[in-house]
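Novice: Take a look at this one; I'll ask things after.
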Amino acid sequence: MLSPGTTYAAYFVYQLQGCRFGFARTPIEFRVSWEHSRVEAIWHGVVLDPSTVSPRARYRGDGWMEVEMGEFFVKEGDDATVECSVREVNGTKSGLLVEGIEIRPKLDV
C-alpha cells in the first residue's frame, strides 16, 4: 500500500561486473507508468556505467548502485497499479546483475 499525498520514485538497483560490455555509451531505457494517469509514460534512456558522465547512477552503501527510473504521485483514494519497465536498446550488453526495482517516497521533491 502506498500513502496518499506522496510522490514516489522507482529505482533500478544493479551491479556492473568487472568484465562488462556495452554500458559506457549505450543507454538502457526505463519507463514508469501509473495506471490511472492521463499522462502517457515516456521511455527515457540512462547510461548505467558510473565511470561515464552519468550523474544519475549512484553508489549505495550496500554494494549496489541505483538509478531513478521515474516518479509518480499518489492521490487520495488511488488504488491503481504502478508499472515499471526496463528495455535494452541498440546492441549487445553483458555484465549486468540486477537486484530489482525499489519504490520509495521521493525525498527531494
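Novice: Explain nothing, just the number: relative contact order of the chain, from Cα pairs under 8 Å at least 6 residues apart, as a whole percent.
Specialist: Here the relative contact order equals 48 percent.
Novice: D for the range 51-106, whole µm²/s, Stokes-Einstein with Kirkwood Rh over alpha-carbon pairs at 4 °C and 1.567 mPa s: what number?
Specialist: So the translational diffusion coefficient is about 90 µm²/s.
Novice: Have a look at the chain and give its Rg and Dmax from the Cα atoms, expressed in angstrom.
Specialist: 14.8, 47
Novice: Between Arg20 and Ala41, what length comes free when the chain is fully extended (0.36 nm per residue of separation minus the Cα-Cα distance, one decimal in nm)?
Specialist: 4.6 nm
Novice: Okay, moving on. Which of Leu97, Leu48, Leu16 moves the most in a Gaussian network model of the chain with Cα springs under 10 Å?
Specialist: Highest fluctuation of the listed residues: Leu97.
Here, each number is a calculation from the coordinates, and none is a lab measurement. Fair warning: this is a prediction, and the values are worked out from it, not measured in the lab.
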